[in-house]
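No lab work stands behind these numbers, since they all come straight from the coordinates. Not measured: the values here are computed from a predicted model. Quick reminder, even Gly has a Cβ in these numbers, built from the backbone with ideal geometry, and neighbours come from all protein chains shown.
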Amino acid sequence: MKKIRLLTILKSILIFLSLFSSGFLLAQQQTASPKTKSDFWRKVQFGGGIGLSFGSGYTDISLAPSAIYNFDQYVALGLGAQYTYVKQKNYYASNLYGATIIALFNPIPEIQLSAELEELRVNVDLIGSDGNSQDYWNTGLFLGAGYRNGNVTIGARYNVLNDNNNIYGNAFMPFVRVYF
C-alpha cells in the first residue's frame, strides 16, 4: 500500500516537473527563432474580390478571397477560393465553388503578368424543367497582364481553355486585383 502511494507521488512529481520544465524549453525555443516566422508572414499578402450584381430578376453574388507569397520583388505564388451564386428569375439558379492557383510576375514594378488555374464545381438548377439540373466541373487557365500601382493591379485576362461549354460568356475578361 505504501509502495503504491509512493509510486503515485513520484509519478505526480515527475509529471509536474515535466510540464514545468517544458514551459521553459518552449519559451527558449520561441525566443530563439521569432525572425523566421515574421520573415515568412512579412512576405504574405491577402486580398481577393467581392462581386455584387442585381438587375431585373437577376442576382449575382461572388466572394473570392486569396493569399499570395512574394518570393521576391518579381515573383509571387498564391491560392484562392471562390464562391458564386447566380439566379435568373423563372429560369435558373446556380452555385459555383472551387479553388484557384495564381502565379504573378512583375518584370518592372508597374507591369504585372499573371497565370491562374481555376477549378470550379458548377451546380445549375433549371427552374420549371421538372427538376432538370446540371452538375459538372469547369476548368479555366487564365493568362493576363495589367498595370500595377502599389497594391492594386488593373488589367485583362484571357481563358486559353475557353470553349462553348464554358461558364463564362467570353474568354476575355477585365480584372481589378488588390492585395494588402
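Compute, for segment 42-178, the length of the dipole vector about the Cα centre, with Cβ point charges of +1 (Lys, Arg) and -1 (Asp, Glu) only. Units Debye, rounded to 20.
420 debye
Work through the residues other than Asp72 whose Cβ is under 14 Å from its Cβ and net out their charges, Lys, Arg +1 and Asp, Glu -1.
+1
For a quick protection proxy, order the peptides 152-158, 167-173 by their average other-Cβ count within 10 Å, most packed first.
Descending mean neighbour count gives 152-158, 167-173.
Whole-Å semi-axes of segment 42-178's equivalent ellipsoid, largest first, each the root of 5 times a Cα gyration tensor eigenvalue?
Each semi-axis is the square root of five times an eigenvalue, giving 31, 14, 14 Å.
Just add up the charged neighbours of Ser114: K/R +1, D/E -1, any other residue whose Cβ is under 13 Å from the Cβ of Ser114.
My count for the surroundings of Ser114 gives +1.
Can you give the extra length, in nm with one decimal, that the chain gains between Ser56 and Val160 once fully stretched, where that is 0.36 nm per residue apart less the Cα-Cα distance?
That pair, Ser56 and Val160, stretches by 34.2 nm at full extension.
Arrange the peptides 75-81, 132-138 so that the one whose residues have, on average, the most other Cβ atoms within 10 Å appears first.
Order by mean packing, descending: 75-81, 132-138.
Arrange the peptides 113-122, 85-94 so that the one whose residues have, on average, the most other Cβ atoms within 10 Å appears first.
Answer by packing, highest mean first, reads 113-122, 85-94.
Can you tally the net charge around Gly140? Count Lys and Arg as +1, Asp and Glu as -1, for every other residue whose Cβ sits under 11 Å from the Cβ of Gly140.
Local charge sum for Gly140: -3.
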